[in-house]
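Structure first, then comments.
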Amino acid sequence: MDRLDRNRRSWNMGQIKGRNTIPEVAVRSMLHRSGFRFSLHRKDLPGKPDIVLPKRQTVIFVHGCFWHRHKGCKQCYMPKSNVHFWQTKFGGNVERDRKNVLALRRAGWRVLVIWECELADQERLQKKLRKLLGTAH
């Protein structure tokens, strides 16, 4: 049973942002400090990637562990109420992500996924980005 009434739950869900989330802004800030220049949410690419580095033919998705089902992550729990709805919702998210990554790779893009939980260790994430992207200059 949900603790909130239907209207309040609907309002709460409506407040969840899809763009410019705290994790996404943190990754953009990290890239920018490292000298990388990028564009955001390009509508001409499958899935409208959060960050696009055209010179490196690379896109970055910054995924929330809960919404995109990060396997093995403690933030990837299943809500106790309305389980069928959530299973369907999460299954759709994962399938859409898979299709977008496949389409981008087929179009010649390198795809990086950064999980929300990876932001807890900024130094480690910075090293990962440097390894995958090289240096900006």
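Here is how the numbers come out for the structure above:
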quantity: Calculated from backbone phi, Karplus (6.51, -1.76, 1.60) coupling profile of segment 101-112 in Hz, x at Gly/Pro; calculated: 4, 4, 5, 5, 5, 5, 7, x, 8, 8, 10, 10
quantity: Longest to shortest principal axis, alpha-carbon extents of segment 18-133, angstrom; calculated: 45, 32, 22
quantity: Separation between Cα centres of segment 21-83 and segment 101-137, rounded to whole Å; calculated: 9
quantity: Positive-end residue of Phe36, Gly92, Trp109, charge dipole of segment 18-133 with Cβ unit charges; calculated: Trp109
quantity: Cβ charges +1 (Lys, Arg) and -1 (Asp, Glu), total dipole of the chain, debye; calculated: 300
quantity: The chain: most fluctuating residue of His63, His32, His41 per GNM, C-alpha cutoff 10 Å; calculated: His32
quantity: Net charge of neighbours whose Cβ lies under 12 Å from the Cβ of Lys99, counting Lys and Arg as +1 and Asp and Glu as -1; calculated: +2
quantity: Aspartates and glutamates with Cα under 14 Å of Lys131, excluding same-chain neighbours fewer than 8 positions away; calculated: Glu123
quantity: Loop-exposed trypsin sites (Lys or Arg not before Pro) per DSSP, neighbour cap 10 Cβ within 10 angstrom, longest uninterrupted part of the chain; calculated: 81-137
quantity: Those aspartates and glutamates that a straight Cα-Cα span of less than 13 Å connects to Lys89, excepting residues fewer than 8 apart in one chain; calculated: Asp97
quantity: 222 nm mean residue ellipticity, helices alone, for the chain (DSSP H n ≥ 4; -39,500 (n - 2.57); rounded to 500); calculated: -14000 deg cm²/dmol
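Coordinate-derived values only; no laboratory data. Predicted, not measured: the structure shown is a model, and the values here were computed from it. Note: ideal-geometry Cβ built from the backbone for every residue, glycine included; neighbour counts use all protein chains shown.
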